[in-house]
Amino acid sequence: MESPYKGKTGLRRLWNAFGYTLAGLRSAYKNEDAFRQEVLLAVILVPLAFYLDVSPLARALMVFSVITVLVVELLNSAVEATVDRISLDHHRLAKRAKDIGSAAVFMSLVNVALVWASVLFT
C-alpha cells in the first residue's frame, strides 16, 4: 500500500515536502552526534571558503564538498534508523549496511580534505 501523501500535487506537495525536510534536519541534529559535528564543520568551513581569496569555481567546489558530507551523513543516518527499526539484533547484513554507510561518510570527508588541499596548496 502506498503512502496517502503521494497524491498531493502542486504547491501543497511542495509545502509538505518542505515540512518533512525541516523535520528531518531537526531530527538528525537532535539525534545524531556525527551530524552535529559535521554541521559545526560546515559552519566553520563554508564561511572560510568565502573569506579565502580563491576563484569562484574553487569556492564552489569547496562549499559543495562540505555540503556533500551533510547529505551523505543524512543518508547514512536514514539507513541506520531503518536497520534499527527492522531489528536491533546483531546480524551480518545489518552490520554490513551500517558499515557501508559509515564508509560513505568517511569517503565524503576524505573528499573535503582533498578538495580543500588541492585548492589551498596548488
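Is one or more of the residues making up the range 59-76 loosely packed, with under 10 Cβ neighbours inside 10 Å and either within 12 Å of the chain's Cα centre (by Cα) or assigned to a helix (DSSP H, G or I) (or both)?
The first filter runs over the range 59-76 and keeps only residues loosely packed, with under 10 Cβ neighbours inside 10 Å, leaving none.
Scanning the range 59-76, I find no residue that is loosely packed, with under 10 Cβ neighbours inside 10 Å and either within 12 Å of the chain's Cα centre (by Cα) or assigned to a helix (DSSP H, G or I) (or both), so the answer is no.
Among the residues making up the range 21-57, those that are within 17 Å of residue 74 (Cβ to Cβ) and among the acidic types (Asp, Glu) are 32, 33, 38. All of (1) under 15 Å from the mean Cα position of the chain (by Cα); (2) surrounded by 10 or more Cβ atoms within 10 Å (Cβ to Cβ) hold for residue 30 with one exception: (2).
Bear in mind these aren't lab numbers, they're just calculated from the coordinates by the rules spelled out. None of the values given here were measured: they were computed from a predicted structure. Methodologically, a virtual Cβ is constructed for each residue, glycine included, from the backbone with ideal geometry; neighbour enumeration extends over all protein chains shown.
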